[in-house]
1. Hey, what do the phi angles of segment 60-76 turn into as Karplus ³J(HN,Hα) couplings, whole Hz, using 6.51/-1.76/1.60 and θ = phi - 60°, x for Gly and Pro?
2. Listing K98, K108 from the residue with the fewest other Cβ atoms within 10 Å to the one with the most, what is the order?
3. Report the charge-dipole magnitude of the chain in Debye, nearest 20, computed about the Cα centre from +1 at each Lys and Arg Cβ and -1 at each Asp and Glu Cβ.
4. Can you tell which of I89, I52, I100 shows the greatest fluctuation in a Gaussian network model of the chain with Cα springs below 10 Å?
5. Is any residue of segment 22-57 close enough, with backbone N under 14 Å, to a label point placed 7 angstrom from the Cα of A140 along the Cα-Cβ axis, and if so, which?
6. 5 Å is the cut-off here: which amide hydrogens, built 1.01 Å from N in the peptide plane, fall below it relative to L218, excluding neighbours closer than 5 in sequence?
7. May I ask you to derive the relative contact order of segment 121-220, considering only C-alpha pairs under 8 Å and at least 6 residues apart, and to give it as an integer percent?
8. Can you give the net charge of the other residues whose Cβ lies under 14 Å from the Cβ of A170, counting K and R as +1 and D and E as -1?
Amino acid sequence: MTQPPDPTSQQRKRYASQVRDEQARRTRRAIVTAAHDLFLAQGYAATTIDGIAEAAHVSRSTVFNSVGGKVALLKLALDWAIVGDDEPIALADRPAIKAILAESDPRKTLMLWVQTVTDVAARTTPLGEVLIAAADIDPAAAQLLAEASRNRMLGATVFIRYLASLDGLAVGITEQRAAELCWALTDGHLYRLLVAQRSWSTADFNRWLSDSLAAALLPT
């Protein structure tokens with residue numbers, strides 16, 4: 001006769017699985033954090049898998065098995081910087097994006113979007129500079145850089161379509177041109193020039209970008 005499942009045994013298995021998942025997540029976090037710090041301190045070329053493994057207190061094989069090679073590490077570090085943490089929640093499902101899509105006033109919508117992209121720029125610009133340098137020496141990094149640019153253009157396009165649905169675009173500017181303008185002005189290099197090199201505060205940058213895009217995009 002088949003014995004019924006043992007509830008206690010099933011609970012133990014679920015608990016063991018949860019423990020393994022949490023251990024794997026902690027290991028991955030340690031590896032990506034180590035890679036992030038070394039990329040910023042040493043640059044992409046000088047950072048090695050062995051160095052990352054040593055900094056994360058894991059083996060070389062664990063780095064590859066948990067995340068992958070250097071480009072995979074840089075990509076995941078950038079992905080986490082974009083959203084601000086390692087929670088498995090897409091940017092589109094984050095409160096900041098939901099707040100933008102819940103707003104019906106075009107000017108307020110633009111201000112919320114600018115605040116969001118400024119926050120993202122503050123978190124990602126240092127690693128973005130690493131990626132630009134890496135793209136010169138690593139074809140896979142060059143592909144990642146191109147993908148990041150496409151994704152930023154896609155995000156700008158989605159935002160502009162929503163702004164247009166609110167009758168928030170000035171007469172004479174197309175959605176394509178508006179999206180391209182947003183894509184260009186939210187490039188991390190521009191943030192680095194004004195904030196890191198010219199000592200603007202993040203608030204100053206946010207105010208300038210808000211005013212510039214409002215003047216260029218919104219109806220008068």
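Rule-based calculations on the coordinates, nothing more; no lab input. Everything quoted here is computed from the prediction, not taken from an experiment. Reconstructed Cβ throughout: ideal geometry from the backbone, glycine too, with neighbour counts over all protein chains shown.
1. For segment 60-76, the Karplus-derived couplings read 4, 5, 5, 4, 5, 6, 7, 10, x, x, 5, 5, 4, 5, 5, 4, 5 Hz, x marking Gly and Pro.
2. Final ranking by Cβ density, sparse to dense: K98, K108.
3. Magnitude of the dipole: close to 440 debye.
4. I89
5. Residues passing the 14 Å test: 45, 48-50.
6. So L218 has HN proximity to A170.
7. Taking the mean separation of contacting Cα pairs over the length of segment 121-220, I get 32 percent.
8. Working: positive: R107, R177; negative: D167, E175.
Around A170, the surrounding residues sum to 0.
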